[in-house]
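In what follows, a single structure is set out as structure tokens and then discussed.
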Amino acid sequence: MTCRIHPSILSADFVNLEAELARIGSADAVHVDVMDNHFVPNLTLGLPVVERIQTVSPLPLDVHLMIADADRWAPLYAGAGLASVTFHAEAATAPIKLARELRARGSKAGMALRPVTPVEPYLDMLGELDMLLLMTVEPGFGGQAFLDVTLPKIRRARAAVDRSGARVAIQVDGGISASTIERAAEAGADVFVAGSAVYGAHDPEAAVERLRALAQAATRV
């Protein structure tokens, strides 16, 4: 299994985002958290800023929409040419239709679940998705501690994906660091969002490489 690292710019210096993107050249993509202070109690970036980041980023953008009314807004992000757009199942009224629309607009379709949201009701739609994001903290703020209670859920999701034969990545987001990434990888995750573990390091690029090596080693156990 190939493991990918998507550093979150939520932990980067927002005043110097273009320079911050240049510090993670070894990453597989850039994770961009969009929050609206409705679905989660935090406010970050909107579509115009994401579009601007898209024009200067040397890496593809993996956008995570923590916003209300995902059915309305997610297609607009996909239409901006982003590599991947992830919406929350809890914020979508028609997730299958929405996933298909994201793909039709040229983006990979991702769906996210809060830690307490069970994965089982959504297993029948795995074929509609390119990525399933399982939050390993409550969405809204960076720097939170990894919730080990989510590990069984990751294992169940991995087993379901493997049984289905669908080409669906399992992404984890929240508290991912050198001390937690191996547990998440062993459980079945293969895409890892890391914020402070990357941008809090002296050498963010080296931090990305170390995280990838740890995750890759754990999947071979």
task = Considering every residue within region 170-177, establish whether at least one is touching a Pro at 6+ places or on another chain (Cβ under 6 Å), among the aliphatic types (A, V, I, L, M) and part of a loop (DSSP other than H, G, I, E, B).
result = no
request  = Could you tell me which numbered condition Ala160 fails, if it satisfies all but one of (1) under 15 Å from the mean Cα position of the chain (by Cα); (2) buried (at least 20 other Cβ atoms within 10 Å of the Cβ)?
outcome  = (1)
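Here is a yes/no grid of residues against (1) within 24 Å of Glu51 (Cβ to Cβ); (2) under 17 Å from the mean Cα position of the chain (by Cα):
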{"site": "Gly142", "(1), (2)": "yes, yes"}
{"site": "Ala145", "(1), (2)": "no, yes"}
{"site": "Asp148", "(1), (2)": "no, no"}
{"site": "Arg156", "(1), (2)": "no, no"}
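Let's see how each residue does on (1) of a type outside the set (Val, Ile, Thr); (2) in a loop (DSSP other than H, G, I, E, B); (3) surrounded by fewer than 24 Cβ atoms within 10 Å (Cβ to Cβ):
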| residue | (1), (2), (3) |
| --- | --- |
| Lys97 | yes, no, yes |
| Leu102 | yes, no, no |
| Leu123 | yes, no, yes |
| Glu138 | yes, yes, yes |
request  = Look through region 1-47, keep the residues that are aliphatic (A, V, I, L, M) and farther than 25 Å from Pro115 by Cβ, and return whichever of them is surrounded by the fewest Cβ atoms within 10 Å (Cβ to Cβ).
outcome  = Val15
ask   = Does region 181-194 contain any residue that is part of a loop (DSSP other than H, G, I, E, B), within 25 Å of Pro41 (Cβ to Cβ), out of contact with any Pro (no Cβ under 9 Å at 6 or more places or on another chain) and at pLDDT 95 or above?
value = no
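Being under 27 Å from Ala218 (Cβ atoms) and touching a residue at least 12 places away in the same chain (Cβ under 8 Å) narrows it down to one residue among Asp62, Asp36; which is it? Steps first, answer last, please.
Working: Asp36 fails: under 27 Å from Ala218 (Cβ atoms).
Going through Asp62, Asp36 in turn, just one is under 27 Å from Ala218 (Cβ atoms) and touching a residue at least 12 places away in the same chain (Cβ under 8 Å): Asp62.
Got a sec? Which of Lys108, Lys97 is farther than 19 Å from Met35 by Cα, within 17 Å of the chain's Cα centre (by Cα) and modelled with pLDDT of 95 or more?
Values: Lys97 fails: within 17 Å of the chain's Cα centre (by Cα).
When all the criteria are applied, what remains is Lys108.
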inquiry  = Step by step: first the residues of region 104-113, then only those that are out of contact with any helix residue (DSSP H, G or I) (no Cβ under 6 Å at 6 or more places or on another chain) and under 15 Å from Leu65 (Cβ atoms), then the one that is surrounded by the fewest Cβ atoms within 10 Å (Cβ to Cβ). Which residue is that?
reply    = Lys108
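Being acidic (Asp, Glu) and either under 16 Å from Val30 (Cα atoms) or buried (at least 24 other Cβ atoms within 10 Å of the Cβ) (or both) is the filter here, so list the residues in region 163-218 that pass it.
Asp173, Asp190, Glu205, Glu209
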query = In region 144-163, is there at least one residue being touching a helix residue (DSSP H, G or I) at 6+ places or on another chain (Cβ under 7 Å) and within 19 Å of Val34 (Cβ to Cβ)?
reply = no
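The values are calculated or read from the model by the stated rules, or taken from the named source; none is laboratory data. Just so you know, these numbers come straight off a predicted model, no measurement behind them. Glycine also receives a Cβ, built like all others from the backbone with ideal geometry; neighbour counts cover every protein chain displayed.
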